[in-house]
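See structure below.
The values are calculated or read from the model by the stated rules, or taken from the named source; none is laboratory data. None of the values given here were measured: they were computed from a predicted structure. All Cβ positions, even for glycine, are placed from backbone atoms using ideal geometry, and neighbour counts span all protein chains on display.
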Amino acid sequence: MRVILDQRGSTGVYFSPGLAKPFTLDTALMSTQETEELSDLIRLVRFFEYPAKSVGVSTKGADLATYRITVEEKGRRHKVVVTDPIPPVLSPLITYLIRKRNDSLIKSPTKESKTE
């Protein structure tokens, strides 16, 4: 399974090149425990049943983020686009993906994101 998070818009008060590009998790490269956790989240939020496009309560504001999540599994592919505020049903999955992305940036920062 591959899961891709592409976050656009607000990323806080700073810019990091790592946040500006899509982040991919590939279960072929993950531990069994991590794979099970991700698979459980996909099932919990009923990702493949969620509409392709959804918006949060407010659709106006310069700091609103848009999240594009794509899941490829067993020959099927589903993409969901949501805008802040994150719908509660998807919150556990998006929070998990953001945490994994941020952890990967801390472990291997890009050359541009290092401070001098």
Qualifying residues in the range 68-116 (those that are at pLDDT 90 or above, aliphatic (A, V, I, L, M) and in a helix (DSSP H, G or I)) - the one surrounded by the fewest Cβ atoms within 10 Å (Cβ to Cβ): Ile98
field: Qualifying positions in the range 31-67 - at pLDDT below 95 and closer than 23 Å to Ser104 by Cα
entry: Ala65, Thr66, Tyr67
task: Pull up the range 13-29, narrow it to residues that are over 15 Å from the mean Cα position of the chain (by Cα) and at pLDDT 95 or above, then point me to the one that is farthest from Val71 (Cα to Cα).
output: Leu29
